[in-house]
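For reference, the structure discussed in these notes is given below.
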Amino acid sequence: MAIIMDGNGRWATSRGRPRLFGHQAGARRVSDIVETCPDLGIRYLTIFAFSTENWKRTQTEVSGLMTLFRRYITKEAQRLLQGGVRVRFIGDRERLDPKLARLMDELEQLTAANEALHLTVALNYGGRDEVTRATRRLAAEVAAGRLAPEDVDASTLARFLDTCSLPDPDLVIRTSGEARISNFLLWQSAYAEYEFVDTLWPDFDPDCFREVIGRYGNRDRRFGAVHG
Ligand code: IPE
Ligand code: IPE
Ligand code: MG
């Protein structure tokens with residue numbers, strides 16, 4: 001299961017509030033949804049928190065978001081640990097503030113033994129950037145003579161992706177009415193089902209979540225084959 005959490009800005013603007021107010025409301029929603037996962041039998045959840053393109057936003061919004069990520073990790077670490085949540089981050093950490101990158105590393109280590117829910121947070125993540133970084137590392141292995149070009153197949157490349165230890169998503173949900181993927185999990189979503197819902201992320205409550213998952217249950221997934 002993966003979610004593109006979109007609509008925080010519009011949610012705030014429609015209330016005459018700054019965009020960051022929407023991001024704060026959105027962060028609270030993350031906790032509600034994470035807590036609902038075990039009831040719904042969801043073991044893997046990947047959420048899109050910040051894209052490689054989101055740096056194009058104003059400095060105020062970007063730095064507000066970075067502060068929010070730091071505060072969220074500090075505040076929620078113990079609850080995530082107690083709740084059996086294993087947290088991992090995907091995306092390029094190099095460009096992030098070192099203080100934030102350290103908090104991310106620490107949260108990963110703190111929760112490494114948990115397995116009730118595998119929560120992956122995509123932060124400074126872009127699908128093209130991920131495939132590019134993976135290819136660069138794969139090419140270095142080839143150049144070093146540790147990997148033969150003819151041995152490179154899809155599973156080889158997948159091993160170099162940030163998501164190497166995670167299953168592909170069966171369902172990708174995007175909130176806020178936009179029907180696009182905005183560079184999220186490009187490789188991994190090859191056969192994912194999509195659900196685009198009009199609800200803005202801060203309004204996406206556990207009941208909405210249950211409803212969307214119920215709809216997914218009716219899908220016929222063929223993976224290119226023909227059913228008899
Ligand atoms: C999603 O909400 C959160 C991030 C991209 C960080 P937006 O900030 O994109 O909200 P809208 O799409 O402008 O309403
Ligand atoms: C995608 O939302 C990124 C996240 C939800 C973090 P955006 O709001 O950045 O996507 P676009 O710009 O509408 O495609
Ligand atoms: Mg948006």
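For this structure, a couple of remarks:
- From its DSSP helices (H runs of at least four residues, each -39,500 (n - 2.57)), the chain gives a residue-normalised ellipticity at 222 nm of -13500 deg cm²/dmol.
- About the Cα centre, charge dipole magnitude for region 72-133 (Lys/Arg +1, Asp/Glu -1 at Cβ), debye: 100
- Computed E for R28/D151 - FRET, C-beta separation, R0 41 angstrom, nearest 0.05: 0.30
- Accessible carbon and sulfur surface of the chain relative to its total accessible area, %, 1.4 Å: 51
- Within region 134-228, GluC sites (Glu not before Pro) in DSSP loop having at most 16 other beta-carbon neighbours inside 10 Å: E178
- For the chain: accessible area per residue (Å², 1.4 Å): 53
- Looking at region 1-87, none of the trypsin sites (Lys or Arg not before Pro) sits in a DSSP loop with at most 10 other Cβ atoms within 10 Å of its own Cβ.
- Placing +1 on each Lys and Arg Cβ and -1 on each Asp and Glu Cβ, with no other charges, gives the chain a dipole about its Cα centre of roughly 700 debye.
- Separation between Cα centres of region 158-178 and region 30-62, rounded to whole Å: 12
- Couplings for region 163-180, taken from phi via the Karplus curve 6.51 cos²θ - 1.76 cosθ + 1.60 with θ = phi - 60°, read 8, 3, 9, 10, x, 5, x, 7, 9, 10, 9, 10, 8, 6, x, 7, 9, 8 Hz in order; Gly and Pro are left as x.
The values are calculated or read from the model by the stated rules, or taken from the named source; none is laboratory data. Note that this is a predicted model, so its numbers are computed, not measured. Neighbour counts run over all protein chains shown; Cβ positions are idealised from the backbone, glycine included. Surface accessibility is based on the protein's heavy atoms, side chains included, excluding ligands, DNA and RNA. Shrake-Rupley method; radii C 1.70, N 1.55, O 1.52, S 1.80 Å.
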